[in-house]
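Before I ask anything, let me first share the structure, which is written out below as structure tokens.
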Amino acid sequence: MTLDIAKLVPSLDSRILLKVEGLRKYYRATANRFRRNRGLIHAVDGIDFEVAKDESLGLVGESGCGKTTTGKLLVRLIDPTAGRILLNPGQQQPTDIATLKGKPLKAFRRKVQIIFQDPYESMNPRRTIFDTVAEPLKVQKMGGTLEHLDRVSHMLELVGLTPPSTFLFRYPHELSGGQRQRVAIARALIVEPAFVVADEPTSMLDVSIRTGVMRLMEELAARLGIGYLYITHDLAVARYVCDRIAVMYLGKIVEVGETEELLQRPKHPYTQALLSAVPVPDPTFTRPPVRIKGGVSVPVDPPDQCRFYSRCPLADDFCRDNPHPPLEDKGAGQLAACYKA
Amino acid sequence: MSERPVLAVEDLTMHYSIKAGAVRAVDGVTFSIERGQALGLVGESGSGKSSIAMTLLRLLPDNAQILRGKILLDGVDIVPLSEERMREYRWNRISMIFQAAMNSLNPVYKVGEQIIEALEAHLESAREESIERVRRLYDVVNLDPGLIVRYPHEYSGGMRQRAIIAMALACEPDLIIADEPTTALDVIVQDHILREMRSIQAELDMSMIYISHDMAVIAEVSDVVGVMYAGKIVELGGTADVFHSPIHPYTRSLMSAFPSVTGKKRELGTLTGEPPNLLDPPEGCRFHPRCPYATDVCSNQEPPKVRRGNHWAACWNPQGE
Ligand SMILES: Nc1ncnc2c1ncn2[C@@H]1O[C@H](COP(=O)(O)OP(=O)(O)OP(=O)(O)O)[C@@H](O)[C@H]1O
Ligand SMILES: Nc1ncnc2c1ncn2[C@@H]1O[C@H](COP(=O)(O)OP(=O)(O)OP(=O)(O)O)[C@@H](O)[C@H]1O
Ligand code: SF4
Ligand SMILES: [Mg+2]
Ligand SMILES: [Mg+2]
């Protein structure tokens, strides 16, 4: 019998807000002319991580590597194939979000918010900005219309939609892309949630507003102890927003560490490639080619070997013949899953 | 330069009417693009970048009106053209990758079919040929050809975006307008697509308008950069000139607010004050309420164009030099 240390020492770490263990999500692939067998899409393939209160954990990685799927699992918009998601794991009785049902699931949904990658997805085109932002307040029966008006106006101001009176009664299609994205942010933060999944929340914002929104999110994190899973492609933004960064590749976390350390001394060859692909804001600089083998990564029934094997510039026979490498400490608390790092 | 520009925009002005009045989204915009050239458009959210793009394609909503100006495409003004004539230009001559285009795919049809349909509508190519072409385009945008016969909901956000890029490239247009095309993509795919787009652009001598808020991407893709603020282009010039010796105070603040992964982590600059209200934009220079260099004249008189070679900015207190 194995002892669960966390249960014996309940206050092990009361700062941890969320603890994810062995999380998986598989989809069944459709058979077609190009792919005969059906097979399983390993969208999220056994990941472990923690998010502390008032911490912002960045999740970066290739398009299609499973970031949004991870985010949706954490707020239980979709059900995991396997794994545990413990809320307040330091408490006597942590909640396993992965198996919640009925009333407790509803109660949980109130504490978490997701800011969607695509702000169109979360907005009803026939509802005004006021109705959209006030919706979570209405759902949770918090205050009356006048109070809503007040809080929504305040929130719009915080995200830079000023003067609020000129935005309140517009419809989503009457806003620019970035303005719509800010409406989504305002809507997620208005209920002061405990945990927020932010899926590319500032991708459409220009720099002057982005810095403001980044500060707003940080400030709310500090004041209310909000934990963030901050999904982004923009490593420069992650550098300013995230305390730690996790790098995903084909459903696996391949590296995780403290932000500056990871950006300055990346250990995993994928992280290294990622960093070398970041554009440089200097038109006279010619960035050298990125060190990664071409080709597309397909998450259908991946072979039991390093997920990065076929694209890795360092790969050798050992990598080919062994299972996917475990996440191991490579110094300074930085974990990487690579035999060569 | 004797050759006629592919696109010349003169004094273009387009407003949206809403209950509260007129949103002055595009206000007296003038610029041109040579064949094979890439123009980068940067600027604050809501400054009118997408509005310019939609005006150029004449894909405007009912509440929009083009009040003034010309859009000369190969010398032909397309502003007065009928919708029917316009359709000959759209997609064949000018095509566009829309901002947040991921949602413009029809959810009930397979993605590949939608691209093939676009191809066949414009090129009358045979089925087999189209399929082959779609495969090639999937290669260009780094998508697994197995995805051709899958539905949009089975794609991740970035995969959908790449399919849209493939669709826009399908008809090999003279001018392609790309509105934040790679914002949803990871940097490795972005790097790949930008390198590919540049080589296709060179190969076909295609011109491009590239809209992005990402100064670093703009630095890498554009030959010429236009900076927008509140419905106007406030600075325009060669990319190196604009980046290394910006004239307009707004351009300067953009540069200082831009985060970078390399170098020392410095404090990011912010713009103080509120973004302009396009229903009632400030008098004089529209940037004056937020400008650290503003003087009295800025608040009541339209700023003059300050020229340095092929580089200009509209400002009373030009910087640098
Ligand atoms: N409902 C679904 N059915 C089948 N496959 C899916 C479904 N949702 C996602 N996938 C697949 O799961 C994988 C992960 O998708 P996910 O949306 O999590 O990627 P992502 O990392 O968010 O990518 P992006 O950066 O492009 O948004 C992809 O291969 C995608 O095709
Ligand atoms: N259909 C519409 N009706 C009324 N106003 C509109 C409409 N579409 C856009 N606007 C307004 O026009 C202005 C310019 O919008 P546009 O979409 O061109 O901005 P943008 O520069 O592309 O911004 P972003 O970087 O956020 O995408 C904004 O203030 C926006 O609110
Ligand atoms: S384990 Fe091998 S194949 Fe995988 S990333 Fe490291 S070097 Fe590359
Ligand atoms: Mg995603
Ligand atoms: Mg736009």
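The values are calculated or read from the model by the stated rules, or taken from the named source; none is laboratory data. Keep in mind that this is a model prediction, so the values were computed, not measured. In this analysis, Cβ positions are derived from the backbone assuming ideal geometry, glycine residues included, and neighbour counts consider all displayed protein chains.
Six or more apart or on different chains, Cβ atoms under 6 Å: show the pairs whose first residue is in region A:231-250 and more than 14 Å from residue A:217 (Cβ to Cβ) and at pLDDT 95 or above and whose second is surrounded by fewer than 24 Cβ atoms within 10 Å (Cβ to Cβ) and of a type in the set (Asp, Glu).
A:244/A:258
Part of a strand (DSSP E or B), among the polar types (S, T, N, Q) and surrounded by fewer than 22 Cβ atoms within 10 Å (Cβ to Cβ): does that describe residue B:95?
no
Just to verify a result, which residue in region A:58-78, among those that are of a type in the set (Gly, Ala, Ser) and within 8 Å of ligand 1 (Cβ to nearest atom), is modelled with the lowest pLDDT?
A:63
Just give me the residues in region B:267-285 being in contact with an Asp or Glu (Cβ under 7 Å, 6 or more places away or on another chain) and at the interface with chain A (Cβ under 7 Å from one of its Cβ atoms), in sequence order.
Result: B:275, single match.
While we're here: Could you give me the residue pairs with C-beta distances under 8 Å whose first residue belongs to region A:85-103 and is over 11 Å from residue A:19 (Cβ atoms), whose second residue is of a type in the set (Lys, Arg) and surrounded by 13 or more Cβ atoms within 10 Å (Cβ to Cβ) wherever it lies, and which are 6+ apart or on separate chains?
A:98/A:76; A:98/A:84; A:100/A:76
On to the next question. Filtering region A:224-235 down to residues that are facing another protein chain (nearest Cβ under 9 Å) and part of a loop (DSSP other than H, G, I, E, B), which residue is surrounded by the most Cβ atoms within 10 Å (Cβ to Cβ)?
Among them, the one singled out is A:233.
Would it be correct to say that residue B:245 is over 25 Å from residue B:277 (Cα atoms), away from ligand 4 (no atom under 16 Å from the Cβ) and among the polar types (S, T, N, Q)?
Spelling it out, residue B:245 is indeed over 25 Å from residue B:277 (Cα atoms), away from ligand 4 (no atom under 16 Å from the Cβ) and among the polar types (S, T, N, Q).
So which residues in region B:301-321 are outside any loop (DSSP other than H, G, I, E, B) and among the aromatic types (Phe, Trp, Tyr), if there are any at all?
B:312
From the residues in region B:50-71 that are in contact with a helix residue (DSSP H, G or I) (Cβ under 9 Å, 6 or more places away or on another chain) and within 14 Å of chain A (Cβ to nearest Cβ), which one is surrounded by the fewest Cβ atoms within 10 Å (Cβ to Cβ)?
B:61
Among the residues of region B:191-215, write down those that are facing another protein chain (nearest Cβ under 7 Å) and more than 15 Å from the chain's Cα centre (by Cα).
Across region B:191-215, the qualifying residue is only B:191.
Residue-wise test of (1) part of a helix (DSSP H, G or I); (2) within 16 Å of ligand 2 (Cβ to nearest atom); (3) within 23 Å of residue A:225 (Cα to Cα).
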position: A:80; (1), (2), (3): no, no, no
position: A:105; (1), (2), (3): yes, no, yes
position: A:123; (1), (2), (3): no, yes, no
position: A:126; (1), (2), (3): no, yes, no
position: A:134; (1), (2), (3): yes, no, yes
position: A:150; (1), (2), (3): yes, no, no
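Need the failing condition index for residue B:186 against (1) in contact with a helix residue (DSSP H, G or I) (Cβ under 6 Å, 6 or more places away or on another chain); (2) within 12 Å of chain A (Cβ to nearest Cβ); (3) crowded, with 22+ Cβ neighbours inside 10 Å, just the number.
(1)
Please name all residue pairs, on different chains or six or more residues apart, with Cβ atoms under 6 Å, provided the first residue is in region B:118-138 and is in contact (Cβ under 8 Å) with a residue 40 or more places away in the chain and within 14 Å of residue B:167 (Cβ to Cβ) and the second residue is part of a helix (DSSP H, G or I) and of a type outside the set (Lys, Arg).
Listed pairs, sorted by first residue: B:118/B:167; B:118/B:170; B:119/B:130; B:119/B:170.
If you don't mind, there's one more thing I want to ask. Those residues that are touching a Phe, Trp or Tyr at 6+ places or on another chain (Cβ under 6 Å) and within 16 Å of ligand 1 (Cβ to nearest atom), I need them from region A:293-341; list them, please.
A:307, A:308 - these are the residues of region A:293-341 that are touching a Phe, Trp or Tyr at 6+ places or on another chain (Cβ under 6 Å) and within 16 Å of ligand 1 (Cβ to nearest atom).
Moving to a separate point now. Taking region B:143-159 on its own, how many of its residues are buried (at least 23 other Cβ atoms within 10 Å of the Cβ) and under 25 Å from residue B:206 (Cβ atoms)?
Qualifying residue count for the region: 4.
Counting only residues that are within 16 Å of ligand 1 (Cβ to nearest atom), give me the helices (runs of 4 or more DSSP H) lying completely in region B:108-178 with at least 2 of them.
Ranges flagged: B:111-123, B:157-170.
Additional query: How many residues, within region B:216-227, are of a type in the set (A, V, I, L, M) and more than 10 Å from chain A (Cβ to nearest Cβ)?
Here the count works out to 2.
Continuing with the same structure: May I ask you to verify whether residue B:85 is modelled with pLDDT of 85 or more, in contact with a Leu (Cβ under 7 Å, 6 or more places away or on another chain) and more than 14 Å from every other protein chain (Cβ to nearest Cβ)?
In short, no.
Here is a further query. Return the pair list, or none, for Cβ contacts closer than 9 Å from residues in region B:189-204 that are on the phi < 0 side of the Ramachandran plot to residues that are of a type in the set (S, T, N, Q) and in a helix (DSSP H, G or I), at least 6 apart or on different chains.
That search, which allows pairs on different chains as well, returns B:191/A:276.
A follow-up question, please. Can you list the helices (runs of 4 or more DSSP H) found entirely within region A:236-341 that contain at least 2 residues being closer than 29 Å to residue A:215 by Cβ and in contact with a helix residue (DSSP H, G or I) (Cβ under 9 Å, 6 or more places away or on another chain)?
Fully inside region A:236-341 and qualifying: A:259-264, A:269-276.
Which pairs do you get when a residue that is more than 8 Å from every other protein chain (Cβ to nearest Cβ), found in region B:249-266, comes within reach of a residue that is outside any loop (DSSP other than H, G, I, E, B), reach meaning Cβ atoms under 7 angstrom, with the pair 6+ apart or on two chains?
Close Cβ pairs satisfying both conditions: B:250/B:227; B:250/B:229; B:250/B:234; B:251/B:227; B:251/B:235; B:251/B:242.
Can you say whether residue A:221 is touching a strand residue (DSSP E or B) at 6+ places or on another chain (Cβ under 8 Å), part of a helix (DSSP H, G or I) and more than 7 Å from chain B (Cβ to nearest Cβ), as far as the supplied structure shows?
The answer is yes for residue A:221.
Where the second residue is in a loop (DSSP other than H, G, I, E, B) and not acidic (Asp, Glu) and the first is free of Cβ contacts under 8 Å to residues at least 40 places away in the same chain and more than 7 Å from chain B (Cβ to nearest Cβ) and lies in region A:167-182, which pairs have Cβ atoms under 7 Å and are six or more apart or on separate chains?
Matching pairs, first to second residue: A:167/A:161; A:182/A:159; A:182/A:160; A:182/A:161.
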